Amino acid sequence: MSFMPVILWSDALVFLLLAAGISCAWYVRRHEHLLLPWQRVAQNPTAMVSLLVLSLFLLVGLLDTLHYRILLPENDNGQKVYSPEVLSVFDKLLAPLRTHTEKTYSAPLAMILYAKENISEANGLVSREYPRLRYGGAHLSGPQQRDGDVLKRGLSGALAGLLAGLLIALAGRRPLAGRGWPVRPLLIATLIISAVIGMTAGLACAYHVLGTDKVGQDVLYLSLKSIRTGLIIGTVTTLVTLPLALLLGIAAGYLRGWVDDVIQYIYTVLSSIPSVLLIAAAVLMMQVTIDTHPQWFDTSASRADLRLVFLCLILGVTSWTGLCRLLRGETLKLREMEYIQAAQAFGVPSLRILTRHILPNVMHIVLISLVMDFSGLVLAEAVLSYVGVGVDPSMISFGTMINAARLEMGRDPVVWWALASAFGFMLALVLAANLFADAVRDAFDPRLNHSATAA
Amino acid sequence: MNSILSVSGLITQLRNGARIVDDISFGINAGETYALLGESGCGKSMTALSLLRLLPDGVVRAGGTAQLDGVDLFGLRESDMRAGRGGTSARIFQEPGRSLNPGMTVGAQIAEVLALHRDMRGMAAQQRCIELLDQVGIPDAARRVTEYPMQLSGGMKQRVMIAMALAGQPKLLVADEPTTALDVTTQAQVLQLLRDTQSASGMSILLITHDLGVVAQMAHQAGVMYAGQIVEQASRAQLLSRPLHPYTQKLLAALPDANQRNRALAAIPGSVPALGSITRGCRFAARCDQAWALCNEQTPAWTVLSDGHGVRCHLYGNPGPRTENSVLSPQSSVLNPQSSTVSPQPSSLLQVKDLRVHFPIRKGILQRVVGRVKAVDGVSLEIPQGRTLALVGESGCGKTTLGKALLQLIPPTAGSVQFAGHELTGLGARKLRARRSTMQMVFQDPYASLNPKMRVAEILEEGMTALGLHGDSSARQSLVDSLLDQVGLARISKWRYPHEFSGGQRQRIAIARALAVSPRLLICDEPTSALDVSVQAQILNLLKSLQQELGLSYLFITHNLAVVEYLAHEVCVMYLVRIVERGTAEEVLRKPRHPYTQALLSAVPRIDGAQTERIRLEGDLPSPANPPPGCHFAPRCSHATELCRRVYPENKMFSSTHGAHCHLYPDIPD
């Protein structure tokens, strides 16, 4: 084998989440009353377009999760030796973007560096000029050709994308139309998105579409790589919050008495500690542990990854209290419902009442708050990395991008593109997630459904 | 008589065109009460909201005119309309607890109306507030104006609502189910107040209600609404003595009472059709046993008979192929003769002795017990096999707590509960589970008693699984089928979810769930109070026939005395955590001895007009945390003596079965 698949901790968790998600979807499909609110979501144009955008992000994140190490040509006494660099399928697909690094900053679609350098010419004269980029626009002979070339490549890329989008739309149209899905908005969104992707792809072959950063890495590549980090923070954290919040919230609400008191004290105390302080302390402690045990990690990627997983864990530990409080309140209400008392009259054991009667009836709250929390967590990562207690500095994330770009904001002429692209990508992700969350909340809110069916 | 409100051709519909109120016309004379009668979902409230122009989002008025005191309501600008609301027309709501602002004092809320409509402020307004509260019969009005709604009882809040409505000196009062949320004695007080106010101020009342008894007491004219239309309109006397429309006839026949004890009630099959689902033909045709082909094809026109009695039915006025079966024929089948004549073996199934349920009041950091709320205090009762014991009482008297304590859902503080000779109190969870199947409960609200996330089959199976009854899953499935047959639901419905059923059907499912573990005693906690009259009759019929088939015993907890008369063999009357009178249904309801029972019975609005002299009960139920010393009823009793206020009376027996706790009767030596 010319490569060795690597499963990092975060990869394993993502696969776990994926499996859980798929099995949930399969379960929901077979239960009509569970399917009903999702059908309402599916009929909401905003929700479906947001979902389309979200699923593109998800696709990028998933491709970026399939990690491997390639086999190195030299071998060590017949032992296979693999590269210490952990790559992903996504890296492989975007190999040109990853490997075409320049010397330092260059503006979007530029063909010259952003800083003047001393260039010694053949005749021995040294002049100070903007040097040509190694890759960006290298095929052009002069700067006057650039605009025309950009236009040509952009248009042809957009056209190709549009064509591909049209094919997808035609294929998808028939199955969608039968289910009352909003076909037209989806169609338009597909066309726009595929045109944008096509144009970007067309340009990215020859230029750095979003410029390069301080060490000459392509910013588009960095932004795309950041997506996985953001998604992991937003989703894996819920793996920690969910069991804590569900178990403690429902137990407190149903069992009452001293159990309720203890759980309430725990979350009241926890939510009174400033969370940034708690996270900073935990991350720094963990950093020391990682630094003193280098033998635990065979690659630097796995070290950075462990820190990411830990960050999720810590974020999870500090953010379960809100959901827990909500669930406790709802359970307090539910336990007085007559169907719970009917079950008690049958002598149904408490555990069974919790799983059969209470859990299914609080799931809508869990779902709504998870989707709502997602965007908050993505933003929290950016803030924490900016402060320096977020992900490992070697890990590409929106936070580290912003952190690196902030110093250059004071520079004249300003280097704006790193910050702008991090901003743009994060906005697209969080906005799509928020719009989707809104639609989900509306679909699961019984009061809104009433007026929707009545009106 | 000039008419103060005249409505003609009122149409209110949803934005998608489904009509909620379909072409309604009526008029109200000055100083009279017009009652809109109908079951839930018939469009009664929407009619009132249309007239006040307060329709919710998504509902619009699509046609018709309404004139209030000569002013066209629908031609007014919104600002003028706002001046009219509370001024010329006022409204009181069903739920007095929710219609007062909990953050404002009672006085401030009334003063707000006075400032808006009477331009009265300061001391004058304060003075007027006290007058108004006095007028609606609130004792110690000067103190009450400074109190908050939470310090008042339900009946007091409704009085405050009425005072607020009166503050604007309206010509028309719209009363939307004003007494539905109140107890029967409080209802009697509020209805009396409304009548008194009407005769004093000469205002007209548009009364919206589902209760024929209230109509019989209050209305001068009445309109019966069904599925958005007025199907019959007449004076009270005409309507009650000679109802024309089959729906009205059925509604009257569906009322349970003692005369029908040995018959099934005339239940109306099915339920009210969904709004806008029927556009052609008579809306009642599907549930009417006098319908013929024309009824499904042509919408019946409004026919006014010579005596002013209006009806919307093909049976009248239409010279079509009127068949002979249109003659009024009570279709109620006669049930098997009750076992009441043949006395069953007197072995009692359930024996409760001196049951007490006390809840501790805890205070302070250490949660020390500083007092006790006595929710049930020394109750003893017996239910023989195959009999129905009705437990009657107003809300807050502890009857529901008693039911739950019998099931050991709430652990009793003291006393014994013996079921078929086995003591139930103090059993561990495991031993109790073995006895669970013998006693089950049917709850009040069919919308809250079924888990919305479980299918009917799962709901019915739950008890069997928990108690390990009836073998394997295929045996259980066939039992589920037969249970559904038993309660009159289609077998196919076991794969459906509760939200697909109507209230009556849900209550059938709840009964089937209880029957699934073959209990011998069913505790029915107000099983019909959340249902419409016609559906109530269906459920009562079902319960009665189940009793005959399976020999079930019922403990029927209710506040509805008509249901008691129809169903119960024995009656216990509960007042403030204790049973004050017990006896056979005949004895208690015909010859009540305890003054509370007498008051309770006289407060029930009767439709036959055979109104006995009303015994007015003053005040409200005292708090169970601090019951009065001596007889609990003494502070409200007109016969109370010094003895009553000091000593709780012993049980006096009037016959072998009939007894009451009252000092009025001399000790009868055994």
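The values are calculated or read from the model by the stated rules, or taken from the named source; none is laboratory data. From a predicted model like this one, the values you see are computed outputs, not experimental measurements. Reconstructed Cβ throughout: ideal geometry from the backbone, glycine too, with neighbour counts over all protein chains shown.
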Open item on the list: Name the residue that is farthest from the other protein chains (Cβ to nearest Cβ), counting only residues in the stretch B:404-441 that are under 19 Å from residue B:390 (Cα atoms) and part of a helix (DSSP H, G or I).
Closed with: B:405
Open item on the list: Can you tell me which residue is surrounded by the fewest Cβ atoms within 10 Å (Cβ to Cβ) among those in the stretch B:88-111 that are modelled with pLDDT of 80 or more and among the small types (Gly, Ala, Ser)?
Closed with: B:103
TODO: Say whether the condition of being within 11 Å of chain A (Cβ to nearest Cβ) and either surrounded by fewer than 18 Cβ atoms within 10 Å (Cβ to Cβ) or under 29 Å from residue A:359 (Cα atoms) (or both) is met by at least one residue in the stretch B:393-403.
DONE: yes
Open item on the list: Within the stretch B:480-586, considering only strands (runs of 3 or more DSSP E) that don't extend past its boundaries, which have at least 1 residues that are touching an Asp or Glu at 6+ places or on another chain (Cβ under 6 Å) and within 30 Å of residue B:629 (Cα to Cα)?
Closed with: B:553-558, B:570-575, B:578-584
- [ ] Kindly establish whether residue A:4 is out of contact with any His (no Cβ under 9 Å at 6 or more places or on another chain), assigned to a helix (DSSP H, G or I) and more than 14 Å from chain B (Cβ to nearest Cβ).
- [x] no
Open item on the list: Filter the stretch A:344-364 down to the residues that are hydroxyl-bearing (Ser, Thr, Tyr) and either touching a helix residue (DSSP H, G or I) at 6+ places or on another chain (Cβ under 8 Å) or at the interface with chain B (Cβ under 8 Å from one of its Cβ atoms) (or both) and list them by number.
Closed with: A:350
Open item on the list: Going by what's in this entry, would residue B:429 be described as closer than 22 Å to residue B:468 by Cα and surrounded by fewer than 22 Cβ atoms within 10 Å (Cβ to Cβ)?
Closed with: yes
TODO: Residues being more than 20 Å from residue B:90 (Cα to Cα) and either part of a helix (DSSP H, G or I) or of a type in the set (D, E, K, R) (or both): count how many of those fall in the stretch B:138-153.
DONE: 8
- [ ] Considering every residue within the stretch A:368-377, establish whether at least one is part of a helix (DSSP H, G or I), touching a Phe, Trp or Tyr at 6+ places or on another chain (Cβ under 7 Å) and more than 14 Å from chain B (Cβ to nearest Cβ).
- [x] yes
- [ ] Could you tell me whether any residue of the stretch A:180-199 is at pLDDT below 90, loosely packed, with under 13 Cβ neighbours inside 10 Å and either closer than 22 Å to residue A:97 by Cα or not small (Gly, Ala, Ser) (or both)?
- [x] yes
Task: Check on residue B:444, among the polar types (S, T, N, Q) and more than 9 Å from chain A (Cβ to nearest Cβ) - done: no
Task: Selection from the stretch A:325-343 of residues that are touching a Ser or Thr at 6+ places or on another chain (Cβ under 9 Å), facing chain B (nearest Cβ under 8 Å) and either part of a helix (DSSP H, G or I) or modelled with pLDDT under 85 (or both) - done: A:338, A:339, A:341, A:342
Open item on the list: So in the stretch A:401-419, with the set limited to residues that are part of a helix (DSSP H, G or I) and in contact (Cβ under 8 Å) with a residue 40 or more places away in the chain, which one is farthest from the chain's Cα centre (by Cα)?
Closed with: A:408
Open item on the list: Can you confirm whether residue B:407 is buried (at least 17 other Cβ atoms within 10 Å of the Cβ), at pLDDT 90 or above, closer than 16 Å to residue B:439 by Cα and of a type in the set (A, V, I, L, M, F, W, C)?
Closed with: no
Task: Residues that are exposed (fewer than 14 other Cβ atoms within 10 Å of the Cβ) and within 29 Å of the chain's Cα centre (by Cα), drawn from the stretch A:249-291 - done: A:272, A:273, A:274, A:277, A:281, A:284, A:285, A:288, A:289, A:291
Open item on the list: Going by what's in this entry, would residue A:74 be described as in a loop (DSSP other than H, G, I, E, B), in contact (Cβ under 8 Å) with a residue 40 or more places away in the chain and closer than 30 Å to residue A:218 by Cβ?
Closed with: no
Open item on the list: Scan the stretch B:473-483 and tell me whether some residue there is without any contact (Cβ under 8 Å) to a residue 40 or more places away in the chain, surrounded by fewer than 24 Cβ atoms within 10 Å (Cβ to Cβ) and within 14 Å of chain A (Cβ to nearest Cβ).
Closed with: yes
TODO: Please indicate, with yes or no, whether at least one residue in the stretch A:440-450 is in contact with an Asp or Glu (Cβ under 9 Å, 6 or more places away or on another chain), modelled with pLDDT of 85 or more and in a helix (DSSP H, G or I).
DONE: no
TODO: Residue by residue through the stretch A:265-299, note down the ones that are touching a residue at least 60 places away in the same chain (Cβ under 8 Å) and in contact with a helix residue (DSSP H, G or I) (Cβ under 8 Å, 6 or more places away or on another chain).
DONE: A:276, A:279, A:280, A:283
- [ ] Within the stretch A:8-38, track down each residue that is surrounded by fewer than 14 Cβ atoms within 10 Å (Cβ to Cβ) and touching a residue at least 40 places away in the same chain (Cβ under 8 Å).
- [x] A:16
TODO: Would you please list the contacts, defined by Cβ atoms under 7 Å and residues six or more apart or on different chains, that run from a residue in the stretch B:1-24 that is crowded, with 17+ Cβ neighbours inside 10 Å to a residue that is among the acidic types (Asp, Glu) and in a strand (DSSP E or B)?
DONE: B:11/B:22; B:11/B:23
- [ ] Restrict the check to the stretch B:571-578 and report whether at least one residue is within 14 Å of another protein chain (Cβ to nearest Cβ), within 30 Å of residue B:358 (Cβ to Cβ) and in contact (Cβ under 8 Å) with a residue 24 or more places away in the chain.
- [x] no
- [ ] Can you work out which of the residues in the stretch B:1-57 that are within 14 Å of chain A (Cβ to nearest Cβ) and assigned to a helix (DSSP H, G or I) is nearest to residue B:248 (Cα to Cα)?
- [x] B:45
Task: residue A:137 outside any strand (DSSP E or B) and either of a type in the set (Val, Ile, Thr) or over 24 Å from residue A:221 (Cα atoms) (or both) - done: no
Open item on the list: Please go through (1) modelled with pLDDT of 85 or more; (2) within 12 Å of chain A (Cβ to nearest Cβ); (3) surrounded by 17 or more Cβ atoms within 10 Å (Cβ to Cβ) for residue B:453 and return the number of the only condition it doesn't satisfy.
Closed with: (1)
Task: Filter result for residue A:82 (away from chain B (no Cβ under 14 Å), in contact (Cβ under 8 Å) with a residue 40 or more places away in the chain and in contact with a Phe, Trp or Tyr (Cβ under 6 Å, 6 or more places away or on another chain)) - done: no
Task: Some residue of the stretch A:269-288 being in contact with a Ser or Thr (Cβ under 9 Å, 6 or more places away or on another chain), at pLDDT 90 or above and hydrophobic (A, V, I, L, M, F, W, C) - done: no
